[in-house]
Amino acid sequence: MTETANVTETASVTGAAARRAWLTDLPVLLVAVVWGSSYLAAKEVTTAQTVLAVLVLRFAVVLPVLVVAGWRRLRALSGEQIRGAGVLGLILAAIFLLETYGVVHTSATNAGLIISLTMILTPIAESRLRGTRLPRSFVAAAGLSVLGVLLLTQGAGFSEPSLGDLLMLAAAVARTAHVLAMARMRSVRGADAMSLTTVQLSGSVLAFAVLCAAPGTGATPWAAAADFGAAEWAWLLHLSVFCTLFAFFVQMWAVRRTSPSRVSLLLGTEPVWAAVAGIALAGDRPGWLGLLGVALILAGTAWGRGATGPEAPEARDRDQDQDHDRDQDHDQHRDQHPDHDHPGKIRRDLRTTPATGERS
């Protein structure tokens, strides 16, 4: 009887844990879905003449909510952290510009799949910076993804890639630079994720507003807003409310209830939903070669995410030793100059870099 009761109790606990995990996973999966749809949304609401205006309008909706929600923590940022986040904001602005101009000049399917190469480019760039070798399986996965992009962009017959495809590829490179900068910039280590995101987006919007004021850069935000119909406003609010605010707060909520790796794995399904949205809703027809490219990109990025595996022990130990040495240097500097701000102990870990919760 006792053994039976124990088995029943164990099964009950396991079932309850599975249900809790599913309740956590579902909102994160919804983030991946809305991120996948963001390329279609951006394409529907934006033209080549309204890119800057749409970006200003989109984040004008987001920023007040972030400022109000995180005002106390925002005020706690040091000057060094604000300056560092401002620099990241300029990189983020470049990403949004490349992605948004890119999606205007290519299909939603191509945009969502090409940008997913960030998952391949980031480990490659990080390995070069660290001087470490990537596993052969990852190199094979990267090659598979590159072949997939070639087939995707040539689905209608072999020709030069479109301007939009090239811009999306440049955006993937810029996203890689942004991820590595967030992980390596000492000034933003330890900063609150919401505050860091708010300052970055503020810097981006400031850059967009300055560009909008320049002659020949397209419509002003007010003119673009006046021309919007109900459909355009719906797409814009989808980008602002769901692809940015909802995504950011769900990530912050989820990482407190599950592992960052599990969140990352679920968010990694974004390219699948981008392809689904583009083909099912936008009517994209990549052709047989393009469909083969879609399959290769999805397989390559999924394989690549698994092939990188845990950080190599020797690389991790070396990084920790370097951080320890730098911390000692800063402790000595603080003792000699007690009036100077000191950011405190740091921890270098690319996988725990605060997420910014934005997509084009």
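What pairs come out if I take residues in segment 233-248 that are under 19 Å from Glu99 (Cα atoms) and pair them with residues that are part of a helix (DSSP H, G or I) and aromatic (Phe, Trp, Tyr) whose C-beta lies under 8 Å away, six or more apart or interchain?
Cβ pairs passing all conditions: Ser240/Phe59; Cys243/Trp35; Thr244/Phe59; Ala247/Trp35.
Check Thr109, Thr197 and return the single one that is open to solvent by less than 10 Å² (accessible area, probe 1.4 Å), in contact with a helix residue (DSSP H, G or I) (Cβ under 7 Å, 6 or more places away or on another chain) and modelled with pLDDT of 90 or more.
Exactly one residue qualifies, and that residue is Thr197.
Considering every residue within segment 180-191, establish whether at least one is open to solvent by 40 Å² or more (accessible area, probe 1.4 Å), over 21 Å from Ser38 (Cβ atoms), in a helix (DSSP H, G or I) and in contact (Cβ under 8 Å) with a residue 12 or more places away in the chain.
Among the residues of segment 180-191, at least one is open to solvent by 40 Å² or more (accessible area, probe 1.4 Å), over 21 Å from Ser38 (Cβ atoms), in a helix (DSSP H, G or I) and in contact (Cβ under 8 Å) with a residue 12 or more places away in the chain, which makes the answer yes.
Regarding Leu167, is this residue within 24 Å of Gly304 (Cα to Cα), within 14 Å of the chain's Cα centre (by Cα) and surrounded by fewer than 24 Cβ atoms within 10 Å (Cβ to Cβ)? First the steps, then the outcome.
Values: within 24 Å of Gly304 (Cα to Cα): yes; within 14 Å of the chain's Cα centre (by Cα): no; surrounded by fewer than 24 Cβ atoms within 10 Å (Cβ to Cβ): yes.
Judged against the criteria, Leu167 is not a match.
Being touching a helix residue (DSSP H, G or I) at 6+ places or on another chain (Cβ under 9 Å) and open to solvent by less than 40 Å² (accessible area, probe 1.4 Å): is that true of Val87 here?
Judged against the criteria, Val87 is not a match.
Name every residue in segment 230-265 that is assigned to a helix (DSSP H, G or I), within 16 Å of Asp25 (Cβ to Cβ) and either touching a Leu at 6+ places or on another chain (Cβ under 7 Å) or open to solvent by less than 70 Å² (accessible area, probe 1.4 Å) (or both), in order of residue number.
Across segment 230-265, the qualifying residues are Phe246, Ala247, Val250, Gln251, Met252, Ala254, Pro260, Val263, Ser264.
All but one of (1) over 16 Å from Thr100 (Cβ atoms); (2) within 19 Å of the chain's Cα centre (by Cα) hold for Leu151, so report the exception by its number.
Result: Leu151 passes all but (2).
What is the residue count in segment 266-293 for residues that are closer than 14 Å to Ser107 by Cα, at pLDDT below 85 and not in a helix (DSSP H, G or I)?
2
Identify the residue in segment 210-224 that is in contact with a helix residue (DSSP H, G or I) (Cβ under 6 Å, 6 or more places away or on another chain) and in a helix (DSSP H, G or I) and, among all such residues, is farthest from Gln49 (Cα to Cα).
Only one residue tops the list, namely Leu211.
The values are calculated or read from the model by the stated rules, or taken from the named source; none is laboratory data. Note that this is a predicted model, so its numbers are computed, not measured. Counting neighbours? That spans all protein chains shown, and the Cβs are built from the backbone with ideal geometry, glycine included. Just so you know, the surface numbers come from the protein's heavy atoms only, side chains and all, with ligands and any DNA or RNA stripped out. Shrake-Rupley method; radii C 1.70, N 1.55, O 1.52, S 1.80 Å.
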